[in-house]
Amino acid sequence: MSDPMGNIMEVEHVDAAYGPYRALFDVSFTIPAGGVVALIGSNGAGKSTVARTITGLVQATAGTIRFDGVDVTQKPAWQIARLGVASVVEGRGVFSQLTVEENLTLTFRQRGTRKELSRNLEKAYESFPALGERRTQMAGTLSGGQQRLLSLAKVLVIPPKLLVADELSLGLAPVVIDMVYQGLEKIRAAGTALLIVEQQVDRVLKISDKAVVLDRGSVTFEGPTNEAGNVIESLLARRERAGSTAAKLVDEAVNDGVDPEHVVSKLVDEATKGLDA
Ligand SMILES: Nc1ncnc2c1ncn2[C@@H]1O[C@H](COP(=O)(O)OP(=O)(O)O)[C@@H](O)[C@H]1O
Ligand SMILES: [Mg+2]
């Protein structure tokens, strides 16, 4: 049962840290039941930390995380998974010493009868023909993209209430990214809510209803995807302004006999925070 607002997940005022290093500051956002949310931000913004915190892999040091009406803030990852949160992260959840079919069988057998097993295998191969062609291949010898399809196939057949997908398109060829996104569309069509973490904004904004922008561990935007475009544009404009400011300051530094390298590196740092577009 979702809350009265129809949210499957609510993240409220969450902080998280790695030892003494604080990675998240007062992060709040919601994921509508059955909706698709894009979590975007530059490298190091804290996207993966959000993904790990809401799936229980990193413990929140403050705030509340509610899933499907249940407070899961202090729950371990396996309990959150059992409530219906799945995550697909590069290099996780695929057994490299088993074949594609053995990998799928292992997952599906935990969930149903023998009859359902063959039906579920059929369903997986139907959705991802590339896996059907490789059913006897060792999963460890699949390409990165094929391994991600294998993780998605497991999720597709037994739909969770929420899927957290962290940078699934990272390092993949465009044609494989298309396959991954088609897989995500199918999972969404089965009623699963998606939190899609991406640095590359173009593709994810096309399939998401809502965007959350992270910058240095804080949420700087939460709203409809069509409004996120403006936020990203204003970030770009900020970068442009910073660029001309930098040029001016370098000129001044040279005139003053100061090492311009120092000025530049500080400014570039500042200007590129919060965007990769
Ligand atoms: N395991 C870790 N130990 C210490 N610091 C980490 C760890 N993982 C990430 N960080 C730091 O936390 C910040 C956020 O990282 P991350 O969530 O991976 O960002 P993103 O996924 O947006 O690139 C970064 O400054 C990163 O260096
Ligand atoms: Mg990351």
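Quick notes on this structure:
- Karplus-derived 3J(HN,Hα), 6.51/-1.76/1.60, for each residue of the stretch 94-106, Hz, glycine and proline x: 10, 8, 5, 7, 10, 6, 4, 5, 5, 4, 5, 4, 4
- Using alpha-carbon coordinates, inclination of helix 144-157 to the longest axis of the chain, degrees: 60 degrees
- Computed [θ] at 222 nm, helices only, for the chain once each DSSP H run of length n ≥ 4 contributes -39500 (n - 2.57): -14000 deg cm²/dmol
- Sequence-distant residues sharing a close amide H with Ser28 (under 5 Å, placed H): His13, Val14, Val219
- Angle of helix 225-256 to the longest C-alpha principal axis of the chain, folded into 0 to 90 degrees and rounded to 10: 30°.
- Per-selection Rg to Rh, the chain - Cα, Kirkwood hydrodynamic radius: 1.05
- Counting DSSP beta bridges with both ends in the chain, the antiparallel % (nearest 5): 55 percent
- Phi to ³J(HN,Hα) by Karplus 6.51 cos²θ - 1.76 cosθ + 1.60 over the stretch 11-22, Hz, x for Gly, Pro: 10, 10, 6, 8, 10, 8, 8, 10, x, x, 8, 8
- Close amide H pairs (under 5 Å, H built 1.01 Å from N) link Gln137 with Val100, Glu101, residues at least 5 positions away or on another chain.
- Part-to-part distance (alpha-carbon centres) for the stretch 195-234 and the stretch 133-173, which is given in Å: 24 Å
- Basic side chains Lys and Arg get +1 at the Cβ, acidic Asp and Glu get -1 at the Cβ, and with that the dipole of the chain about its Cα centre reaches some 1400 debye.
Only the coordinates and a few stated rules stand behind these numbers; no lab work does. A quick note: this is a predicted structure, and the numbers were derived from the prediction, not measured. Positions of Cβ are backbone-derived with ideal geometry, glycine not excepted, and every protein chain shown enters the neighbour counts.
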